[in-house]
1. Can A:MET71 be described as hydrophobic (A, V, I, L, M, F, W, C), out of contact with any Phe, Trp or Tyr (no Cβ under 6 Å at 6 or more places or on another chain) and open to solvent by 60 Å² or more (accessible area, probe 1.4 Å)?
2. Would you confirm whether or not the stretch A:536-548 contains a residue that is open to solvent by 10 Å² or more (accessible area, probe 1.4 Å) and free of Cβ contacts under 8 Å to residues at least 12 places away in the same chain?
3. Out of the stretch B:33-48, which residues are buried (at least 22 other Cβ atoms within 10 Å of the Cβ) and touching a Pro at 6+ places or on another chain (Cβ under 7 Å)?
4. Output the number of residues of the stretch A:147-175 satisfying the condition of being open to solvent by 40 Å² or more (accessible area, probe 1.4 Å) and either modelled with pLDDT of 90 or more or outside any helix (DSSP H, G or I) (or both).
5. List pairs: first residue in the stretch A:13-25 and open to solvent by 40 Å² or more (accessible area, probe 1.4 Å), second residue basic (Lys, Arg) anywhere in the structure, Cβ distance under 9 angstrom, at least six positions apart or on different chains.
6. I'd like to check something: does the stretch A:172-183 contain any residue that is within 14 Å of chain B (Cβ to nearest Cβ) and free of Cβ contacts under 8 Å to residues at least 24 places away in the same chain?
7. Inspect all residues belonging to the stretch A:184-198 and state whether any of them is in a helix (DSSP H, G or I), open to solvent by 40 Å² or more (accessible area, probe 1.4 Å) and within 13 Å of another protein chain (Cβ to nearest Cβ).
Amino acid sequence: MSKAQAEQPVLANKEAKLFRELLSHYEEKHLTKGRKTADQILKKHPNHGETLAMKGLILVHLGQREEGKKMVKQGAMLNMKSHIPWHVQALIHKGEKDYDGALRAYKNGLKADKDNINILRDACFLLTHLRKYDELVEYRHRFLQLRPVNRTHWIGLAVAHHLNGNLAEAKNILEWYDKFLKSTPDYDADNSERLLYHVRVLEELGENTEALAFLDKYAQSRYIVHRTSTMEYRARLTTKLKSSDAPDAWRVLIEQNSDCWDYYKGFLSVESIDYDSITDENRAAALKHLNNFSQQYPRATAPRRMALSVATGDDFTNLATAYLSSNIQKGVPSLFVDVKPLYTDPAKAQSIQSIVEKLLEAHNTPPAPPPAENGSASAEPTARLWALYFLAQHHSHLGAYSTALELLDAAMAHTPTLPELYMARARVLKRVGDPYGAARVMNEARLLDGQDRYLNTKCGKYRLRAGLVSEAGEVFGMFTKKDAVSPGADLEEMQSLLYLREEGDAHYRAGRLSQALKKYYAVSNVFDQVENDQYDFHPYSLRRTLLNVYVNTLKWEDSVRSHPAYRHAAVSAARIWVSVYDDPKLAEGPAASDSATSGSDSVKKAKSKAAKKAAQTPAATEKNGTANAQQQNTNEDKGLEPPQAKDEDPEGARLIREERPLERAQKLLAPLWADVARGVWDVETCAVAYDVAVRRERYLEAARALARARSIDAEHPEVHVRTVELKLKVQSLSAPAVSETALAALVESLATALPDELSLETFNSQYLQRHAADGGAVLGAARAARVLQAPLAEVEETVFSALQDGVALKIETALAALAFLRSIESSRADEFRAACDARFELATVFKAPEELERLRKESLGEPVEVKEETLE
Amino acid sequence: MNIRLAEPKDLLGIQACGFHNLPETYGSKYWLTTLVRWPQLSFVAEDQRGKIVGYVFTIIEDLPIIYEPSTQLGKLFDRWHVRPRRPTNYKRIGYVNSISVLRSHRRMGIARKLMGLSIKAVVESYGLREVYLTVRKSNRAARSLYQSLGFVAYDEELRYYNDGETGIHMKVTRKVPPERRSTLPLPEPTPRKSWQSKMIPNFHWKTRIGPPKPGLIKRRATTIHQAEWMGGTVKIGPLS
């Protein structure tokens, strides 16, 4: 190294000038000029590291990425004492979203030049992005010392302290800042946000009095202009201080926006009523307040709806009657979803049913309305319709599916053109296990209003649920961009989590593991993108002092992967990896032959056409490309981000054959560990985490995952099966494979759930006895018996016992049981299927394969006759 | 129904809500940008499980004024059938970028409430009098809602939307007390000389207000100018 350093040429005046020019060319993005200048210097000093690095950077911009990167590296090797090659390297890493690499390069750059402002600034952003807050504080401090006059640097340090948890220091700095800040224009929204941030810091510190004084001072003197936020702070602070202003503060807010539940909750909390846990003592008081508000704001729904949650008995009946009848008159489609949370109280559910039935009756006999109600007579027909709609949803929710379908039939006879009715019908069919019928009906709904994307999306979703993947694509394609490669590609680019998740599931159910995996990884990619989105805001928000929302963004990004879509994708993908690990043959899978089974011939044709087209275009572009390449390369700035590589593995066939499946699964699950602290784990997640850990021979991790699952639901069948599995595993483990301490810990962790003196067989049969009436548990016991290598007949018998009368068996569980029987190559699988078919009358999922094929075809449905009727 | 200020944590829900409801919409970065830049102006409606069922996103725009028919100069332009290519002036306005309520939650007046809050926020937080929006010509329901809120159609633009539909530009004017009006500087108008020589025929020309068309911009797009993002160009060399 030192040798290379010694050889580093010192540029003569002329070249030094050229080098400065090179830098300014780059800054102004005169790339070709820059390259020429660099070549000029290199002609004389071919080993000049800084120039080489700059030329490399320019080449990357011009699209010659690999060559450029090589040159930059070479430059850095030649001159390690200069910050320029490091800075250049960091820029390239950043462009490739390799933030760790960029930070490393910047740190090296700082070793070369510890006071380089540009590097320090960028390093701060990277540290924030990577959440290295202690270092961030240190860097911000140094930055501020170098440039104390810049306002942004003070704000940056304050925010760094805040993020690092040092609120007091953040407050000090904000106060300093306030002192030397001279005049700001009145009503500056950005400055107003800074002041609100100050209030937030004070509030988080618990200095409520100071916070309130600060807020009042600036709100009155034209500085804080964000009125909603100001009033919310005010209400919260006065409530905390138990000030007499508090009720009024909340009242002002309610007047501004009378549909915000938080404001009412806040108001009630001043009266020391906790809305979320109303007691019998304060029920009357709460109700009185809410009723007052209802009268005061006749258009607001929030106080009325909240009162329904609070009220009981006759109060409830009266309020609910008014609420339900007015909403049914208006024809509010979401009414049922709105009141559904009340159903946790069976008395309320019953009361709601009788109220709506009464309403229905009243509208059933339209003739001779009393004179007083003449005005509403015209509204009655639709009211009847919406009452029927409501009752259908009500019965569907309570499991009375045939009643629900009858009610919907009646409603459809009344008005055959309302898509909502079809949607409700489709939902009922979905619940009774008839995804094909559901898809058909949803398609009918879509045809009633082809312009509505909501119906379109629902239809596509239901088709995916019925396993009609390419047909779903056709429907989605009506609203996606026409020039996209496929509707799916556009939906993926637009980050539609719903689509990716449902299509992944559809592939998974059909056993096309590779394609499912591909979609689940696409979900994960969306979250990568969302995480990367925040980068630009580190410089931006600080400069504009939009701090509250910035800090909230950072917090949200920290936990963005606890979104259900991510969890579902990660868990499902991990399951696939586990099954591929257990049986590598799955990776070869039916993917190739089976991929188009669901497609009709025309779809296949279209597909092959598209494939041909896709095959042609690259060839064509290549031809043109070679001719134009030189010219394009010299002119265009392609930026630092690498161009999106073409996806050469659209069906995931290569992906699923990747090595080390368990490590990949682990990587997907890792972000979910962060949720543990928040306690939002479910048994499924723990179970799959266990599966991965035990196969990686991380037994302690496995035991921990299992213990967590047990703490959520100790009797869950997944937990039961795995407890048995782990016990067997522990018995087979010996000291050299696992350390003594680990083994001891394992045995201990199992001991509480599974006493040593109990044999595993007894443990299993006890479990079965305890939960003989629960289908899921019965299946769990059967699986455990299989793990214990019980005879096939016995396992089968256990599964069949789930079909006995009095056992609560859900359709999903029955499907899982059927899949289990098939997986153990049971000869009675078909018998089980037939038995399920008989048991679940309305369901079609248990039909024979030929029948299923027919149903699938049917579900695509021709345009319904209904439409013509309505036209007449 | 709970209506409140939008927060970053709502973004994925907002995106899903808009995406499954509207023919054209934006990627996640666009929403985040709008929300972070103008945190006062966006509101959401959520159901009791916290699912976003409706939202409104409003931004502040510096609307280039190219042509004011009421002025003397404007009348002259009209007579000659020409318009200048560059703006003569700017006007700061609120622009309702996107509003959407899920089909399943309509008829509850959510859109009206969201709009009302957002317009009010433009007036209160920014001291601006005018709020603009663009609506599909075929969307009668939305147009009548906007009209009932006081919006007036003032222009229409052929092929505004990607699928070729005409967009109708509407605006509403609210009262703002003079002492409350924004005093923040607007961009410098282009000097007169440069546009005077560059007149273009009237019939080829249409103003585009509002952000770029949805669907055209993807994740990377922003309403914020690139230079504003980074605070200027990337500097590498020795410090100035």
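1. When the stated conditions are applied, A:MET71 does not pass them.
2. Yes, some residue in the stretch A:536-548 is open to solvent by 10 Å² or more (accessible area, probe 1.4 Å) and free of Cβ contacts under 8 Å to residues at least 12 places away in the same chain.
3. B:LEU35, the sole residue that qualifies.
4. First, the residues of the stretch A:147-175 that are open to solvent by 40 Å² or more (accessible area, probe 1.4 Å): A:147-151, A:154, A:164-166, A:168-169, A:172, A:175.
Of the ones still in play, those that are also either modelled with pLDDT of 90 or more or outside any helix (DSSP H, G or I) (or both) are A:147-150, A:154, A:164-166, A:168-169, A:172, A:175.
The total comes to 12.
5. Filtered contacts from the stretch A:13-25: A:LYS14/A:LYS44; A:GLU21/A:LYS33.
6. Applying the first criterion (within 14 Å of chain B (Cβ to nearest Cβ)) to the stretch A:172-183 yields A:183.
In the following step, the residues that additionally are free of Cβ contacts under 8 Å to residues at least 24 places away in the same chain were identified as A:183.
Looking for residues that are within 14 Å of chain B (Cβ to nearest Cβ) and free of Cβ contacts under 8 Å to residues at least 24 places away in the same chain, one finds at least one in the stretch A:172-183, hence yes.
7. No, the stretch A:184-198 has no match at all.
Residue-wise test of (1) assigned to a helix (DSSP H, G or I); (2) more than 19 Å from A:ALA843 (Cβ to Cβ); (3) at pLDDT 95 or above; (4) away from chain B (no Cβ under 14 Å).
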position	(1), (2), (3), (4)
A:ALA426	yes, no, yes, no
A:LEU447	yes, yes, no, yes
A:GLN451	no, yes, no, no
A:TYR454	yes, yes, no, no
A:SER470	yes, yes, no, yes
A:GLY473	yes, yes, no, yes
A:MET478	no, yes, no, no
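The values are calculated or read from the model by the stated rules, or taken from the named source; none is laboratory data. From a predicted model like this one, the values you see are computed outputs, not experimental measurements. So basically every Cβ, Gly included, is an ideal-geometry build from the backbone, and we count neighbours across all protein chains shown. Heads up: the accessible areas ignore ligands, DNA and RNA and are worked out on the full protein's heavy atoms, side chains in. Shrake-Rupley method; radii C 1.70, N 1.55, O 1.52, S 1.80 Å.
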